[in-house]
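First comes the structure, then the notes that go with it.
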Amino acid sequence: MTGPDLPADPEPLAEAPPAEVQRAQRRRLLDVWRTPTGWRYWSAVNNSVVGLWYTATAFVFFLFAGVLALAMRLQLAVPGNDLLTAEQYDQFFTMHGTIMMFLFAVPVFEAFSILVLPEMLGARDLPFPRLSAYGYWCYLIGGVFVCGSLFFGAAPNGGWFMYPPLVTRYSEGYGTEIWLLGLSFIEVASIAAAVELLVGILRCRPPGMRIHMIPLYAWYILVVAVMILFAFPPLIAGDLLMELETAFDWPFFDASRGGDPLLWQHLFWIFGHPEVYIVFLPSIALVATMVPTFAKTPMVGYTWVVLSAIGTGFVSFGLWVHHMFTTGLPGISLALFSAASQAIAIPTGVQIFCFVATLLAGRVQLAVPMLFVLGGLSTFVIGGLTGVMVALVPFDLQAHDTYFVVGHLHSVLIGGTIFPVVGAFYYFFPLVDGKHLSERLGRIAFWLMLVGFNVAFVPMHFTGLLGMQRRVYTYDPDTAVAALNLVSTGGAFVLAAGIAVFVVDVLRPKGRQPLSARNPWGAGGLEWLGEMPDQPWGVRSIPEIDGRYPLWDQPHLVRDVDEGRFYLPDAEEGLRETLLTSPVDATPDQVQRVAGPTFLTHLAALGTGGLFILSTFHLWVPAVISGVLGGVAVLVWLWTGTAHLPARDDKDVGLGLTLPTYVSGPSSVGWWAMLIAMLGDLTAYAGLVFGYFFYWTVDEGFPPLDQPDPTVRWALGAGALAATAWGGTWAAVHLNRADRGAAFHGALLGGVAAAGACCWVLVAGIDALGADPTAHVYPAIIWARVIWTVALLAVGVVMQLYARRAARRAG
Amino acid sequence: MLRTLLPILCFAACHGPRSALDPAGADAERILWLFVAMAVGAVAIWLFVVGLAVHATLTQRTLEPARARNLVIGGGTLLPTVVLSVLLVGGLAQMPALLDPGPADGLRVLVSAEQFWWRIGYRTPDGRVIATANELRLPVGPRTRVELTSADVVHSFWIPSLAGKMDAIPGRTNRLGLQPLREAELEGVCAEFCGPSHAHMGFAVVTLAPEAFEAWLQAQAAAAAPAALASPGRDRFLRTGCGACHTVRGTPADGVLGPDLTHVGSRRTLAGGVLPNDVPGFRAFLADPRRHKPGVGMPGFAGLPDADLDVLATWLESLQ
């Protein structure tokens, strides 16, 4: 939609509504958006509340993993130390990496985004607030479960990368399964948040915020959410294979029965390398948000930054083999992945130079957040340069799995993530709490962290080159590395002291401290429309946007928004509403009713959690019961929350615009979310297919002649039935639109029957062959694909029956 | 500042039996030069970028947008493209030499990594395999092929002073060429996390003049010395059942679960570098192996009378 079809750029109301009207509007908005109090507080689903819990929880996990790191540094302070046993040390380093990556780095960006993204987009909330809440409770339950195992001495101890066969056949206890199932559970939450953020950025922007005006933060989150969608599913597929091996002895990674331990390494690093950028890009997004504010000038090279972020996202999927340079792969593979790994330095360089150019283009105010930006930059550049070094195969052959890499990765992650995140705390704190953090404590924390980091991690590069390998709980007294290790331990404690000062600053009572001024940093982004302290409604009225920095570009914006001169200034029907716009041009096209507080999300999360946690201990029957209860909770939540037809078809949203309140098909947010979720699911299935072809490629004897072979008839028959099931659904959609009720029900039930028959053919066919999944990897990988397909068909059947029931209710 | 000073400070401490900065092999030397070149470049780039950022923050002058854009193009795209291209060409050019596994028809070293020790066999061109463990000796001069596999979990074979590392993976055989340039006593380690005693999976590496190496190999090929075979320690060893897991050539002990002990007394260290190779070392390990090496497969023999432990330790140490 361009050119003459578009309405002229709407302007806010020329006259403010009368004061009593404004007061009534504010009261109604507040009634609708008010956060529940008392014990019902915990039923809140609004982004500002859930985002806060999410951020606080992620930070608690961060501090916990940091304490584990300090214990490890104490153990390594002197050679031959016996503070920790080998077993304890192994659990500690496994949990340190696992918590930092899965329970802190990814969740904290999702938390931050849930908290501030709607404000940046001038939206009242994200489109699926209950999904955010569900994700949060899954994350909390899963995180407590995984961390809790440490207190029983039962934590995973095979490293955060969990290489088989060490963790599958050479370790005792529940650690491996706690890792696999606990983290799969949390990954589900991460994917839920990715869906939420993607749909939020594509559809919840304010009118006029076209695709080239999106705040850079939102661009980065868009890229990262897409990356999560394609990076996490292969790991979930790998988790499934490893769980089947650990619990049922299916030999996916057992070389003696046709399996291959390298398949796990591939699946893990196909996830693991994009993961680094999933962690890093959101923090760079924070830098890209803060730099223009403190330089008081728009970002230089906005388009360059966006393209670089997208490029980084793409290329990051082609680098995973650089974690496997020493596994004996052919030289040509090594050279290709080496070149790709170096190439990613170019988009990263572009982003850094755009930030530097922006600083040069403006006069910089060196406030605490800016200090952290600079400190993070200087640290991250160390990590980037050592990253280029280890990306070069010859050097990596020496540096791989040594303390050089420990130094490298912490430069990247602490410089690229921790410094910007702490800086962002200082930046955004007034928006959340209405008060500033202390400038003085901030500076102390910054210098302690910067000095501590460098003293702790720069020497590690030499520790590694002097021959200290990673993941050793102790080292010989006569090695040259003892002094370097002692220095590193000292530095780690200085770094920890800096973080402690920061935590004290956050937690100290601020009762008598005056409220912050509105938009205290003089920023240009919509999030700074927030009043001090902020109101729960997100934005008083949803503005029409004319530029990338609306608060700089539109002089009366704050006044116009506050006086309700823009869209949706009221909540006449007592419903939570936000505006949906088109994905590219952000033309308004719908009023979205979003769900309010509920405890159903807790039940759903508990049920899902039970499925994963009880499975860890092989309590299969209770696990399945719990999973079914969780599924029922989800259905009730949908049934009571979304299946209603609105009382009115459309609504006047202000400024002479009337929009529908209910749509279906590609213009609804549900359609987008479903599409995105299915892409993730497809990727996981592709992971299993990759496994099949991986065995076929590396092993000339695959498929083996002595294993039963499924027939072509079986595959074609099942395929035909699945196609019929799909055809039934497709027909039902069209018959429903044509309002042909009986035929609609017939098509839907026919689809259900075909799906059921397909499941039966798949399972019975392979079972009749006598294919034993414990005998060889060939029957095992076929069984795994059958299980996945049957599970998908079962979900499809539930959805079809739900749709039929909903259609009945609608009449 | 720290980054420029450290290499100088470190210089005195760079030497050592396990230092990649003190090469004794052709591959380690190639890689060291690459590292030095990259480190110098990295320090220069770091100073430039961070200096520019600090200048940009502190300066009161502002840059016009057009010149700022030139900076992005020059610094963000041209500079890294040129630097990385040079680096890639220079670096990857080293790969054929580094990945050369050495001649297939000469002496080959078969290494099997096991929790938490190294089973080593020298396969001579005439097809014999001479078994030893936890100690690798190599001739100075020629490139020797090492064939790596694993009996249990993934390990990684690394001698920092000689070459880069190579993983030992169950079900696969990886090849690595080693080319010592000088005689030296070095150390190797397991670099891939492999379980509780990952820290204790070291091995001794000795590079010898070709004649000395040949003499050593012949000595290793022989059965245990007649004097040792006549000793009461032999009977104690056999009656305790040690032969179920260990081989001592020249005796009925022919177990293959644990290391070949035929010449264990001649090795530089004990149990993968955990203990000195002397009588007290043997005694300590025999009595409680897991105290020195958590998770190791060998059971403890603390239940044996002290006198028996002494006899066993003395005898094992005598297997030169």
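Two decimals is fine: what's Rg over Rh for segment A:1-95, C-alpha atoms, Kirkwood radius as Rh?
1.39
Give me, ordered by chain and number, the residues 5 or more places off A:Asn81 or on other chains with an amide H under 5 Å from its own placed amide H.
Those qualifying (amide H under 5 Å, at least 5 residues apart or on another chain) are A:Tyr475.
What whole-number distance in Å separates the alpha-carbon centres of segment B:182-221 and segment B:228-250?
25
Of the DSSP beta bridges with both residues in the protein assembly as shown, give the percent that are antiparallel, rounding to the nearest 5.
80
Between A:Thr37 and A:His734, what is the label-point separation in nm under the 7 Å Cα-to-beta-carbon projection?
In this crude spin-label approximation the distance works out to 5.7 nm.
Excluding A:Glu15 itself, calculate the net charge of residues whose Cβ lies under 15 Å from the Cβ of A:Glu15, where each Lys or Arg counts +1 and each Asp or Glu counts -1.
Summing Lys/Arg as +1 and Asp/Glu as -1 gives -3.
Tell me, what HN-Hα J-couplings in whole Hz come from the Karplus equation 6.51 cos²θ - 1.76 cosθ + 1.60 at θ = phi - 60° for each residue of segment B:152-158, using x for Gly and Pro?
Computed from phi, the couplings for segment B:152-158 are 9, 10, 6, 10, 9, 9, 9 Hz.
Whole number please: convex hull volume per residue of the Cα set in segment B:185-267, in Å³?
Dividing the Cα hull volume of segment B:185-267 by its residues yields 124 Å³.
Mind checking the log10 I(q)/I(0) for the protein assembly as shown at q = 0.04, 0.07, 0.09, 0.10 Å⁻¹? Debye, one equal scatterer per Cα, no solvent, two decimals.
Here log10 of I(q) over I(0) equals -0.24, -0.71, -1.12, -1.33.
Amide H of B:Phe116 versus every other amide H placed in the peptide plane: which residues, excluding those fewer than 5 positions away on the same chain, fall under 5 Å?
B:Gly297
Quick check on the exposure proxy: order B:Ile169, A:Ile141, A:Ile787 from fewest to most C-beta atoms within 10 angstrom.
Final ranking by Cβ density, sparse to dense: A:Ile787, A:Ile141, B:Ile169.
When a/c is below 1.5 the answer is rounded, else prolate if a/b is larger than b/c, else oblate, so apply that to segment B:121-168 with a ≥ b ≥ c taken from the square roots of the Cα gyration tensor eigenvalues.
In terms of gyration-tensor shape, oblate.
Relative to the present Cα-Cα distance, how much length would full extension add between B:Ala97 and B:Cys14 at 0.36 nm per residue of separation?
Length gained between B:Ala97 and B:Cys14: 27.4 nm.
I'm a student and want to see the number: the projected area of the Cα convex hull of segment A:568-711, averaged over all directions, in nm².
Computing the convex hull of the Cα atoms and averaging its projections yields 14.9 nm².
Name the shape class, rounded, prolate or oblate, that the alpha-carbon gyration tensor gives for segment A:623-690, where a ≥ b ≥ c are the square roots of its eigenvalues, rounded holds for a/c under 1.5, and otherwise prolate holds if a/b is larger than b/c and oblate otherwise.
Verdict is oblate for segment A:623-690.
Which FRET efficiency value, to the nearest 0.05, do you get for A:Ala677 and A:Thr774 by plugging their Cβ-Cβ distance into 1/(1 + (r/R0)^6) with R0 = 35 Å?
After rounding, the FRET efficiency stands at 0.60.
Find out how many positive minus negative residues lie around A:Ala775, taking Lys and Arg as positive, Asp and Glu as negative, among other residues whose Cβ is under 13 Å from that of A:Ala775.
-3
Using modelled amide H (1.01 Å from N, peptide plane; none on Pro or chain starts), what sits under 5 Å from the amide H of B:Phe157, excluding residues fewer than 5 places away?
B:Met166, B:Asp167, B:Ala168, B:Ala191
Only four residue types carry charge here, +1 at the Cβ of Lys and Arg and -1 at the Cβ of Asp and Glu. Report the dipole size of the protein assembly as shown about the Cα centre in Debye, rounded to the nearest 20.
That gives the protein assembly as shown a dipole magnitude of about 1660 debye.
Please name whichever of A:Leu360, A:Ala345, A:Gly313 sits farthest to the positive end of the charge dipole of segment A:209-360, dipole taken about the Cα centre and charges placed at Cβ: Lys and Arg +1, Asp and Glu -1.
Ranked along the dipole, the leading option is A:Leu360.
From the C-alpha coordinates alone, can you work out the Kirkwood hydrodynamic radius of segment B:28-137, in Å?
19.2
Hey, what number do you get for chain B at 222 nm if only DSSP H runs of n ≥ 4 count, each worth -39500 (n - 2.57), divided across all residues, to the nearest 500?
Roughly -11000 deg cm²/dmol at 222 nm, from the helical runs in chain B.
What number does segment B:59-119 give for Rg over Rh if you use C-alpha atoms and the Kirkwood radius?
Ratio of gyration radius to Kirkwood radius for segment B:59-119: 1.45.
Regarding segment A:206-252, what is the average projected area of its C-alpha convex hull, in nm²?
Result: 4.6 nm².
In whole Hz, what ³J(HN,Hα) sequence does segment B:280-288 give by Karplus (6.51, -1.76, 1.60; θ = phi - 60°), x for Gly and Pro?
x, x, 4, 5, 4, 5, 4, 5, 8
Counting Lys and Arg as +1 and Asp and Glu as -1, what is the net charge of the other residues whose Cβ lies under 12 Å from the Cβ of A:Leu52?
After counting each charged neighbour, the total is -2.
Would you please state the base-10 log of I(q)/I(0) at q = 0.11, 0.17, 0.20 1/Å for segment A:55-175, with intensities from the Debye formula using one equal scatterer on every alpha carbon?
-0.47, -0.88, -1.09
Pairs of alpha-carbon atoms within less than 8 angstrom and 6+ residues apart define the contacts here; what relative contact order does chain A have, in percent?
This gives 18 percent for chain A.
Whole percent per 20 Å bin, from 0 to the bin with the longest distance: what is P(r) over all C-alpha pairs of chain B?
27, 46, 19, 7, 1
Values in this text are rule-based calculations from the coordinates and carry no lab data. Since the structure is predicted, the reported quantities are computational estimates derived from the model, not experimental observations. Cβ atoms come from the backbone with ideal geometry, glycine included; neighbour counts cover every protein chain shown.
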